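The values are calculated or read from the model by the stated rules, or taken from the named source; none is laboratory data. It should be emphasised that the depicted structure is a prediction, and the values quoted were computed from it without experimental measurement. Reconstructed Cβ throughout: ideal geometry from the backbone, glycine too, with neighbour counts over all protein chains shown.
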DNA sequence: AAATCGATTATTGTCAACAAAGCAGCAGTT
DNA sequence: AACTGCTGCTTTGTTGACAATAATCGATTT
């Protein structure tokens, strides 16, 4: 009778992780057609577990399958990326509201501590937008789980974030934005600490809206190509 | 070069459909532990495709798997069902707003026509809440696709609705609600026809909120047990 | 008598061979 | 010269057998 249910990794889980990170990191380019046995040799897997993983990823919308004709990585257009941000706006707004109602005091304290860490990271590594991106991810991750809304967290963490991160990897956050974003994060946490759900929702929506407009501008300026 | 890509059904697709409908219809009860080979004999499948389907359904949150210990249908608590409705509220609000901006005139006309059909169904089969439930599903389905937001539609149609429908099957919509719901539907479509996205969003959110409170009340009254 | 440890059994995870379907190249015809 | 139909090949879909793991039941010990 094992009490400690530490995650038992099956080959299928392994395959899932390998594929997912490869897609997110851009090692498998969007639109690229991928062969099964090619992936098998690449990740040291057999086709059974791999196919299970492909099924899961297809269900999550990261892969597109055409029966008997192969699987390819989903290609998201600029317009679709913008729509992803619209979805994030509403869903994370809800998450922030629920987080304000449900996060424990210690969780909020932790969140504030991570923001301090993020600030230091930004100061130390100026221009190293990567850290900010990871920090940003961390922040939103905590709010999603803090909402205590199982399905909401699942949809945000399991579906949306992977698609967003997939495009995060190739976009350099514009110079001034990290500091601005951090300020916005602070105000959201303040609202949560004051248990002001409505305000937290409003601020979160505005925050993501700003991020969306930022990317939109970069695309229009030709800085970011999709 | 085949032009007409009619859906090619593989065994895995078949397995997926079988399992999904069985879960939604309650033939596989929530919490019930299901064995693979039992399902194989039941649906005339082999384990390969079945496992692929299980992987997909697990990824969608309808099944819960514990490695080496089997798969069971997810059991959603009353509280979680309420949170599902909170998610629907925000997401379908967004869908209604985008639908107001993007649906074609003929799509809107079609939508109005289906509402007329629903009204007739309700009048003819009084108390037959089933038709209303299906009609309701149809309505929300059209709005979701009408948003032209691929990911949003995918999340609503592929994830949330199946979970909601799973619990719809066992709840009898209270007597007065079908007519009220139809009225709400009409006002939403009106807003869409007038291309008033904000209003459509507001009305849709209120509509789903009302549905949620209706179920909440039924649960409290003991009419509906989960 | 209760509890724990161990062997058995049933079930899941994995693999490799088989069948089927699409794709590409070639040849023949129009 | 372009197009259509055939043939062979590659890739995917499927199957059944094999290996590994957890649950169950029984025996032994405290």
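Here is a yes/no grid of residues against (1) more than 30 Å from residue B:190 (Cβ to Cβ); (2) buried (at least 19 other Cβ atoms within 10 Å of the Cβ); (3) more than 16 Å from DNA strand D (Cβ to nearest atom):
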{"residue": "B:8", "(1), (2), (3)": "yes, no, no"}
{"residue": "B:23", "(1), (2), (3)": "yes, yes, yes"}
{"residue": "B:32", "(1), (2), (3)": "yes, no, no"}
{"residue": "B:46", "(1), (2), (3)": "yes, no, no"}
{"residue": "B:97", "(1), (2), (3)": "no, yes, yes"}
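Of the conditions (1) within 25 Å of residue B:57 (Cβ to Cβ); (2) within 16 Å of DNA strand C (Cβ to nearest atom), residue A:41 clears all except one; give me its number. Every condition holds for residue A:41 apart from (1). Specify the residue that is nearest to DNA strand D (Cβ to nearest atom); the eligible residues are those in region B:54-68 that are free of Cβ contacts under 8 Å to residues at least 24 places away in the same chain and facing chain A (nearest Cβ under 9 Å). My answer is B:68. All of (1) closer than 24 Å to residue A:149 by Cα; (2) within 12 Å of chain B (Cβ to nearest Cβ); (3) modelled with pLDDT of 90 or more hold for residue A:107 with one exception: (2). Quickly run through region B:79-104 and pick out the residues that are over 17 Å from the mean Cα position of the chain (by Cα) and at pLDDT below 95. The one that is over 17 Å from the mean Cα position of the chain (by Cα) and at pLDDT below 95: B:79. State all residues of region A:138-171 that are farther than 30 Å from residue A:222 by Cβ and outside any helix (DSSP H, G or I); if no residue qualifies, say none. Selection gives A:147, A:148, A:149. Taking the criterion of being part of a loop (DSSP other than H, G, I, E, B), buried (at least 16 other Cβ atoms within 10 Å of the Cβ) and modelled with pLDDT of 95 or more, the only residue of region B:191-226 that qualifies is B:196. Kindly indicate whether any position in region B:81-97 is out of contact with any strand residue (DSSP E or B) (no Cβ under 6 Å at 6 or more places or on another chain), within 29 Å of residue A:157 (Cα to Cα) and without any contact (Cβ under 8 Å) to a residue 40 or more places away in the chain. Within region B:81-97, one or more residues are out of contact with any strand residue (DSSP E or B) (no Cβ under 6 Å at 6 or more places or on another chain), within 29 Å of residue A:157 (Cα to Cα) and without any contact (Cβ under 8 Å) to a residue 40 or more places away in the chain.
For region B:9-33, enumerate the residues that are within 16 Å of DNA strand C (Cβ to nearest atom), out of contact with any helix residue (DSSP H, G or I) (no Cβ under 9 Å at 6 or more places or on another chain) and either without any contact (Cβ under 8 Å) to a residue 40 or more places away in the chain or within 14 Å of chain A (Cβ to nearest Cβ) (or both). Once the filter is applied, which keeps residues that are within 16 Å of DNA strand C (Cβ to nearest atom), out of contact with any helix residue (DSSP H, G or I) (no Cβ under 9 Å at 6 or more places or on another chain) and either without any contact (Cβ under 8 Å) to a residue 40 or more places away in the chain or within 14 Å of chain A (Cβ to nearest Cβ) (or both), region B:9-33 yields only B:33.
If the condition is being out of contact with any helix residue (DSSP H, G or I) (no Cβ under 8 Å at 6 or more places or on another chain) and either more than 10 Å from chain B (Cβ to nearest Cβ) or assigned to a helix (DSSP H, G or I) (or both), then region A:75-99 contributes A:75, A:79.
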